[in-house]
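S.K.: Got a structure for you, written out below as structure tokens; questions coming shortly.
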Amino acid sequence: MLGTPESVDQRRKVVAWSLIFFCLISIVACVSYFFTGKIDQSTLESGAAGVNNWLGKVGAVLAEYFILRGFGIFGFVPLLYGLAWGFVLLEDEERFYTFLKRLFKYAVFLTFFGSTFFSFIEILSHSRTFDLGGGFGYAANTWMASYVSTVGTAFILLFILILFVVINFNAELKASRLINSLKNTKLTNIKVPTKGKAKEKSNQPVQEQQVKDKPNPPKESQPPVVYTPPKTEVQQEIKFEEKPAPKEPSLGEEIAFEVVETTKKSKKKTPPPADLELTIVETEQDKPIDSSHKSYEKLGQDNVGKVVGSDVVEKIVPQEDQEVANADEIFEPEDFDPRLELSDYQIPPYELLEDHGAGRDRVVSYEELQANKNKIVKTLEDYGIKIVDIQATIGPTVTLYEIVPAPGVRISKIKNLEDDIALSLAALGIRIIAPIPGKGTIGIEVPNSKSEVVSLRSVLTTEKFFNTKANLPIAIGRTISNQVFIADLNKMPHLLIAGATGQGKSVGLNTIIASLLYKKHPAEIKFVLIDPKKVEMSLYTSLSDHFLAMLPSQEEPIITDVREAVNVLKSLCIEMDNRYDLLKKARVRNLQEYNNKFTSRKLNPRKGHHFLPYIVLVIDELADMMMTAGKEVEMPIARLAQLARAVGIHLVVATQRPSVNVITGIIKANFPARMSYRVISKVDSRTILDANGADQLIGRGDLLLSTGSDLIRIQNAFIDTPEVERVVNHIADQRGFTEPYFLPELPSEDGGGNDEDEDFERDSRFEEAARLIVKYQIGSASLIQRKMKLGYNRAGRIIDQLERAKIVGPHSGSKARDVLVTDEAELERYLSSL
């Protein structure tokens, strides 16, 4: 058992102060060693009683083990590192934990290598004391010298130092670097033969060459071009020979080109293609934070008000309309905490998720980048399109090549070459963005030969997700520039998803749900899950008492039957209308304002007000429902999409077939945010996105997100089925609510009661149910079901009879009915009079 948070905090402080105390006395003892160590050493060896160390015999022993027998002066390193840990434990700040964890390897290396190196110096200087390197360093040098002598020991130490620098600082120690830095990386000069004697200008760059009959030299800002004088028999030809590139791309390093001049007779005036330097753009990635489980437990616990007792509610002084406490009242109640009922709830630890190789090096080689660049430039130049600049941005699945065409080139001409570029690259999924919004460039997206798996853990554990201010944040994945993409479902406000079978659509839905599970408390959000395929959403069944909303008559928390789905959609419409009534009474415009007003105790619960959680409706396959129910499904979905945003009801609707008979105009018009995985045809792409491109995706989570006029290409974060099971099981093992969040019951289709209702024939257990309701002061059919072990239909009839008997109030949406009888004595008098 971990114990209460208070006991854990006390243990942490005790460990912190103990560590600080031990490190401080050890440091003082070690400092004293350099003044009294020789005398104390002989005293300890002889067993005499007195020592001169500032901390006595204990100090002398500590100093001997840390300095003389340990690491010499480098014995201070672990002591200072331990002292720092003590102060960090007291502060309990995550950023300090992360910093010290990064310093650990440096502290270890400095201690062991420094001790060994200084002992090597002492041995070379024939020193009789080993205060600098200590016993460890002397033993290490003696062991190495016994095998490779003193010279070999020096080489081993140098090798270890170089290896540490290369591994930890990603240094590249190449002899060619020194040679290349001395060379001029610009183009070398050329010789231009003319009739008669040619003038050689060996020290001038090619841009400054003067050619006979040439009116003006080319500008330095433009790439070198070949000028052919008119009516001459000799024509110059410039050949570009690219030097062998290093195996790995070095960012910021220029590629040197050599110009070789030849002469030949030719009648054609087609200049050779200009070889461009490829610039590799390195973007700042959102890297996962190395955080402990303890910090994860704090996540999502901010901005929570303090909890107060139930007696505070009694002191609220309601008004007629706004129900705000009287301004003259001195009493100021503390804020209501919606998490009070499940105050011990903990979000799942991120260790339940797999990293799937997160943080590994890029899988795109320098050779692949150069080869793709050359093919793109060659294909464009074959069609007479000149390029003046090209750069590459490497993403997890796709590399974006941004090109700048020469002046006068029409963008539509490049756009029409999409298939030709795909043919030259022999790649699936080429997409041209002409132009890139906000830039004066044209983008060509080329799939990488090896794609990188973007794990959900690597996305959720980034600082961007930790610090997001979104009300309903969903971590979709990483963009082409390797930036984590976090969307706010509250602002979308609904999401329409399409994608062919096996392209990652179901994984995307799991990503959305998991993001919200990791960010929200069960009191703050509820899911309504509709799964006509019956297998995709079954993993979330055990969350019925935590995160799921359902009808009282619903047998399973996950809706798989289309008829039940229609009833749930209609019930959500009733829930929406009820919430709008509450917002009207509270005189607010949206759910955030209403909940803020309720938590600040400005709305009276006795007037029907209560905290409203977000409701997210997830439909896994809309096409099946539209084929079966048609208008019965389309109309409530359209109504919810039009009106439900303000009251916190949001829709996530997915389909395999984005055809016009599934995504109808009335549905499509109310889903401004759309996400598409790979689809079969351009028609499907235009149906879901109003643009081409979805048919050219490469699958396996590659998607396009449209939030307006722009299309964003994202690699969807991956979460596997075992990961979902672990997350769900962690939540289900915790204490949940006493009952699910029930949606409003649908009114009877016949519109009236039967003869039995008219005669008011009471159930045989009517009085028992009345006593139960009055005792608990909860007018709920589900309470009668649980306590009296009755079926739903019979419990519903009894609650209707209690309403006619004026024991409970009328139906009021998702919350329990008001109990009109206050105590059991009054109830008994009332029952005797019936």
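S.K.: Relative contact order of region 410-468, please, whole-number percent, based on alpha carbon pairs below 8 angstrom and at least 6 residues apart. Mind showing how you got there, number by number?
M.R.: On the way: 45 pairs, mean separation 12.9, N = 59.
Relative CO of region 410-468 lands at 22 percent.
S.K.: Kindly identify region 70-111 as rounded, prolate or oblate by the Cα gyration tensor criterion: order the square roots of the eigenvalues as a ≥ b ≥ c, call it rounded if a/c is under 1.5, otherwise compare a/b with b/c, prolate if a/b is larger, else oblate.
M.R.: Oblate, because a/c is 1.5 or more while a/b does not exceed b/c.
S.K.: Continuing with this model, one more query. Along Cα→Cβ, 7 Å out, is where each label goes; now give me the distance between the ones at residue 12 and residue 103 in nm to one decimal.
M.R.: Result: 1.9 nm between the two label points.
S.K.: Mind ordering 514-524, 434-444 by average Cβ neighbours within 10 Å, highest first?
M.R.: 514-524, 434-444
S.K.: May I ask you to compute the full-extension gain from residue 150 to residue 628, defined as 0.36 nm times their residue separation minus their alpha-carbon distance, rounded to one decimal in nm? Mind showing how you got there, number by number?
M.R.: Numbers: separation 478, 0.36 × 478 = 172.08 nm, distance 8.56 nm.
163.5 nm is the gain from fully extending residue 150 to residue 628.
S.K.: Quick one: which of 571-583, 610-622 comes out on top by average Cβ neighbours within 10 Å, and what's the full order, highest first?
M.R.: 610-622, 571-583
S.K.: Ok, one more. I want the local charge near residue 723. Using Cβ-Cβ distances under 12 Å, sum +1 for each Lys or Arg and -1 for each Asp or Glu among the other residues. Display every interim value, and only then the final one.
M.R.: On the way: positive: 457, 726; negative: 351, 354, 355, 720, 725.
It works out to a net charge of -3.
S.K.: Rounded to the nearest 0.05, what FRET efficiency do residue 57 and residue 289 have when you use their Cβ-Cβ distance and R0 = 60 Å?
M.R.: The calculated FRET efficiency here is 0.85.
S.K.: What does the charge add up to near residue 650, with Lys and Arg as +1, Asp and Glu as -1, over the other residues with Cβ less than 12 Å from its Cβ?
M.R.: Numbers: positive: 491, 526, 645; negative: 488.
That works out to +2.
S.K.: Shifting gears a bit: If you only keep lysine pairs separated by 8 or more in sequence, or across chains, how many in region 432-556 come under 13 Å at the Cα atoms?
M.R.: Step by step, the pairs that qualify in region 432-556 add up to 4.
S.K.: Apply the Karplus parameterisation 6.51 cos²θ - 1.76 cosθ + 1.60, with θ equal to phi minus 60°, to every residue of region 494-501 and state each ³J(HN,Hα) to the nearest whole Hz, in sequence, with x for glycine and proline.
M.R.: 10, 10, 10, 10, 9, x, 5, 4
S.K.: In addition: What is the distance in Å between the Cα centres of region 517-568 and region 678-717?
M.R.: If you average the Cα positions of each part, the centres end up 28 Å apart.
S.K.: Another one. Quick one: net charge around residue 790, please, counting Lys, Arg +1 and Asp, Glu -1 for every other residue with C-beta under 13 Å from its C-beta. Mind showing how you got there, number by number?
M.R.: Details: positive: 765, 786, 787, 789, 794, 797; negative: 763, 768.
Charge balance in the 13 Å sphere: +4.
S.K.: If you take the square roots of the eigenvalues of the alpha-carbon gyration tensor of region 39-164 and sort them as a ≥ b ≥ c, do you get rounded (a/c under 1.5), prolate (a/b over b/c) or oblate?
M.R.: Judged from the Cα gyration tensor, region 39-164 comes out oblate (a/c at least 1.5, b/c at or above a/b).
S.K.: Moving on to the next point. Over what distance in Å are the Cα centres of region 100-122 and region 358-434 separated?
M.R.: Between the Cα centre of region 100-122 and that of region 358-434, the gap is 48 Å.
S.K.: Here's a follow-up. Let me check something: with ligands and nucleic acids excluded, how do 542, 458 order by accessible area (1.4 Å probe), largest to smallest?
M.R.: Accessible-area ranking of 542, 458, largest first: 542, 458.
S.K.: When a/c reaches 1.5 or more, the comparison of a/b and b/c decides; with that in mind, is region 368-491 rounded, prolate or oblate per its Cα gyration tensor?
M.R.: Prolate is the answer for region 368-491, as a/c is 1.5 or above and a/b outweighs b/c.
S.K.: Further question on the same structure: Ranked highest first by the average count of other Cβ atoms within 10 Å around their residues, in what order do 84-90, 29-35, 96-102 fall?
M.R.: Those peptides, ordered most packed to least, come out 29-35, 84-90, 96-102.
S.K.: On to the next question. Tally up the carbon and sulfur contribution to the accessible surface of region 479-552 as a whole percent, 1.4 Å probe, everything protein left in place.
M.R.: 53 percent
The values are calculated or read from the model by the stated rules, or taken from the named source; none is laboratory data. Here the structure is a predicted model, which means the values were calculated and not measured. As a convention, Cβ positions derive from the backbone with ideal geometry for all residues, glycine included, and neighbour counts pool all protein chains shown. Heavy atoms of the whole protein, side chains included, go into the accessibility calculation; ligands, DNA and RNA do not. Shrake-Rupley method; radii C 1.70, N 1.55, O 1.52, S 1.80 Å.
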